[in-house]
Amino acid sequence: MKPLQVVLCLLVVLGALTGCEGSYRTQVTVGTLNLPAGGIGVVRISILNPPDAKMIQVGPIGLLTFNPSVIQVISLTGVNGFTLFGSAINNTMGWVQFAASFPGGSIRPIVTMDFGVLEIPIIEMVVQAVGPVGAQTALTITAVDLFTDRVGNPIPIGPPIAGQVVIIAP
């Protein structure tokens, strides 16, 4: 085989092995947490396989929903360079909305040699367990209203990945 054919064959094999045909698209994911009854913990909201991302907004249409008889949301904070500049927490109905951006630029993932999924936390949500041991709640983002790159162009994303909180014995 000629060197060019070998390189092309390797690229095809690597693409098949690493799932390059769409499985590496950008998604927003909510973390999972086992929380002792009455305890306080942190759930991370992350971007999987982030492009040159600058801003994310869940609301006014989208919501991050939860069961308010299981957990209560205390606060939201931007991390890894993201700043939270707006949020609404409704612990009666069980939803959160937020907007966060990366001021002065955008989050630019560092290229690594491994072929794993890159996950970068952008928001930490502090929650308190109010339900009994064994109770659980899904943490579901119904829609991402806005997700843009550094110049304001929309970035297409896949469906958000839900998380959950499970109340465990202290």
Would you point out the residue of region 30-41, among those that are part of a strand (DSSP E or B) and closer than 13 Å to residue 140 by Cβ, that is farthest from the chain's Cα centre (by Cα)? 32
Hits in region 116-137 - residues which are under 24 Å from residue 157 (Cβ atoms), over 14 Å from the mean Cα position of the chain (by Cα) and surrounded by fewer than 16 Cβ atoms within 10 Å (Cβ to Cβ): 116
Determine if region 64-85 includes at least one residue that is at pLDDT 95 or above, of a type in the set (Gly, Ala, Ser), more than 25 Å from residue 153 (Cα to Cα) and surrounded by fewer than 16 Cβ atoms within 10 Å (Cβ to Cβ). yes
Going through (1) buried (at least 19 other Cβ atoms within 10 Å of the Cβ); (2) out of contact with any strand residue (DSSP E or B) (no Cβ under 8 Å at 6 or more places or on another chain) one by one, residue 54 fails only at (2)
Could you list, in sequence order, the residues of region 150-167 that are farther than 12 Å from residue 29 by Cα and surrounded by fewer than 16 Cβ atoms within 10 Å (Cβ to Cβ)? 151, 152, 153, 154, 156
Residues 108, 44: which one is charged (D, E, K, R), modelled with pLDDT of 95 or more and under 16 Å from the mean Cα position of the chain (by Cα)? 44
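The values are calculated or read from the model by the stated rules, or taken from the named source; none is laboratory data. All figures in this text were calculated on a predicted structure; none of them were measured in a lab. Virtual Cβ from ideal backbone geometry, glycine too; neighbours counted across all protein chains shown.
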